[in-house]
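Okay, so here's the structure we're looking at.
The values are calculated or read from the model by the stated rules, or taken from the named source; none is laboratory data. Fair warning: this is a prediction, and the values are worked out from it, not measured in the lab. All Cβ positions, glycine included, derive from the backbone under ideal geometry; neighbour counts span all protein chains shown.
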Amino acid sequence: MPRRKPRGRPLDGWLIIDKPPGLTSTDVVNRVRRAFDAQKAGHGGTLDPLATGVLPIAFGAATKTVPYVMDGTKLYRFTLKFGEARDTDDADGQVTGTSAHRPSDVEIAAALPAFRGTIQQTPPAYSAVKVAGERAYDMAREGRAPVLEPRAARVDRFDLVDRPDPDTAVFEVQSGKGVYMRSLARDLAVACGTLGHVAALRRLRVGPFAEAAAIPLDKIAGPDHTARASPDLLLPVATALADIPALALTEAEATQLINGQAISLVALMGRIPGTADPEGGLARAMAGGRVIGLCRLQDGLCKPERIL
């Protein structure tokens with residue numbers, strides 16, 4: 001039986017959307033895919049419906065690089081509202097507790113250091129974490145409180161940047177993969193002797209993709225948008241790898257990697273970037289200005305990881 005031809009245009013590249021509130025990340029992907037009439041699209045890191053900001057959309061071959069974008073450093077700004085705990089840990093949830101205490105800036109500053117570095121963090125009950133094969137948010141919606149275990153999270157920076165009034169405080173957070181801003185807000189409030197939740201959340205950066213490059217969704221795909229968007233808006237697939245150290249290869253070495261063959265690190269001495277970890281780190285393989293793909297530096301070898 002002949003294979004059915006995929007619907008839509010075969011497009012490759014990245015589009016950086018400024019996600020509006022009220023939509024899921026999947027909603028945004030579906031609208032953008034329709035606007036471009038694209039065969040294949042996905043996103044580079046989920047944002048909650050309440051959240052706004054940088055949502056990278058991958059088309060075609062760019063979907064192969066999604067894991068590397070999701071592993072990249074993230075930058076967020078969120079508003080913490082003191083005095084109310086909510087079941088979702090954000091403003092979309094139901095109130096589950098209240099507190100009259102409003103911490104001072106001094107109390108907040110004293111609590112923040114415990115949330116920097118490698119910390120243990122319990123994900124929100126309404127999260128995509130799996131518990132015995134089920135999504136935590138599905139269990140929570142059915143009234144079955146999921147038992148979630150703390151896990152390691154990397155927080156590079158967590159700073160108080162504004163205090164509009166006693167009820168609210170604005171923070172910026174730079175973090176690694178899988179850090180929940182809702183958990184940070186919830187736990188910081190408790191550490192300050194009160195309760196709290198995220199009232200507003202914006203993502204400013206994901207890996208190499210920054211807020212300045214983000215395009216408002218309604219300029220690409222409104223709810224009733226049917227016209228084709230221009231592929232000229234797409235960034236090259238390799239843009240996603242810009243944060244990964246670059247390794248210059250000869251054409252012969254590039255051919256080796258493309259054919260699945262490893263290269264001795266001894267042969268690459270003097271070219272291995274200082275920021276690349278020779279004990280299991282990734283490097284961006286380059287030949288004549290072209291991105292060949294990703295390679296893993298391990299066991300004295302440069303091994304092909306993902307060829308583009």
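State whether one or more residues within the range 137-150 are out of contact with any Gly (no Cβ under 9 Å at 6 or more places or on another chain), of a type outside the set (Lys, Arg) and farther than 25 Å from Thr24 by Cα. Yes, there is a match, as at least one residue in the range 137-150 is out of contact with any Gly (no Cβ under 9 Å at 6 or more places or on another chain), of a type outside the set (Lys, Arg) and farther than 25 Å from Thr24 by Cα.
Between Pro245, Pro216, Pro231, the distinction of being farther than 21 Å from Met70 by Cβ and either crowded, with 18+ Cβ neighbours inside 10 Å or in contact with a strand residue (DSSP E or B) (Cβ under 6 Å, 6 or more places away or on another chain) (or both) belongs to Pro216 only.
Out of Arg154, Arg182, Arg163, which single residue is farther than 30 Å from Asp37 by Cβ and surrounded by 21 or more Cβ atoms within 10 Å (Cβ to Cβ)?
Arg182
Would you point out the residue of the range 110-135, among those that are among the hydrophobic types (A, V, I, L, M, F, W, C) and touching a strand residue (DSSP E or B) at 6+ places or on another chain (Cβ under 7 Å), that is nearest to Val161 (Cα to Cα)? Looking at residues that are among the hydrophobic types (A, V, I, L, M, F, W, C) and touching a strand residue (DSSP E or B) at 6+ places or on another chain (Cβ under 7 Å), I get Leu112. From the list Thr52, Thr73, the one residue that fits, being within 16 Å of Pro20 (Cβ to Cβ) and of a type outside the set (D, E, K, R), is Thr52. Take the conditions buried (at least 19 other Cβ atoms within 10 Å of the Cβ), of a type in the set (Val, Ile, Thr), modelled with pLDDT of 95 or more and farther than 30 Å from Val237 by Cβ and apply them to Thr194. Does it pass? Answer is yes for this residue. Report whether or not Phe59 is surrounded by 19 or more Cβ atoms within 10 Å (Cβ to Cβ), out of contact with any strand residue (DSSP E or B) (no Cβ under 6 Å at 6 or more places or on another chain) and closer than 15 Å to Leu11 by Cα. No; evaluated as a whole, the condition is false for this residue. Restricting attention to the range 276-286 and to residues that are touching a Pro at 6+ places or on another chain (Cβ under 9 Å) and outside any loop (DSSP other than H, G, I, E, B), the residue that is surrounded by the fewest Cβ atoms within 10 Å (Cβ to Cβ) turns out to be Gly281. Pairs linking a residue in the range 127-155 that is assigned to a loop (DSSP other than H, G, I, E, B) to a residue that is among the basic types (Lys, Arg), with Cβ atoms under 7 Å and 6 or more positions apart or on different chains, are Ala128/Arg135. Can you spot a residue in the range 28-38 that is small (Gly, Ala, Ser), outside the structural domain of Val173 (by TED's automatic domain parsing) and farther than 28 Å from Phe158 by Cβ? Yes. Only a single item in (1) touching a strand residue (DSSP E or B) at 6+ places or on another chain (Cβ under 6 Å); (2) among the small types (Gly, Ala, Ser); (3) under 16 Å from Arg186 (Cβ atoms); (4) surrounded by 15 or more Cβ atoms within 10 Å (Cβ to Cβ) is not met by Gly97, and it is number (4). Tell me which residues, restricted to the range 100-126, are buried (at least 18 other Cβ atoms within 10 Å of the Cβ) and part of a loop (DSSP other than H, G, I, E, B). Hits for the range 100-126 are Pro103, Pro123, Pro124, Ala125, Tyr126.
Going by what's in this entry, would Leu15 be described as under 18 Å from Lys219 (Cβ atoms) and buried (at least 22 other Cβ atoms within 10 Å of the Cβ)? So Leu15 fits the description; yes.
In this structure, Val129 qualifies as of a type in the set (Val, Ile, Thr), touching a Leu at 6+ places or on another chain (Cβ under 7 Å), surrounded by 14 or more Cβ atoms within 10 Å (Cβ to Cβ) and within 24 Å of Leu50 (Cβ to Cβ). When the test is whether a residue is touching a Leu at 6+ places or on another chain (Cβ under 6 Å), within 30 Å of Asp12 (Cβ to Cβ), surrounded by 17 or more Cβ atoms within 10 Å (Cβ to Cβ) and not assigned by TED's automatic domain parsing to the domain that holds Ile292, Phe78 does not pass it.
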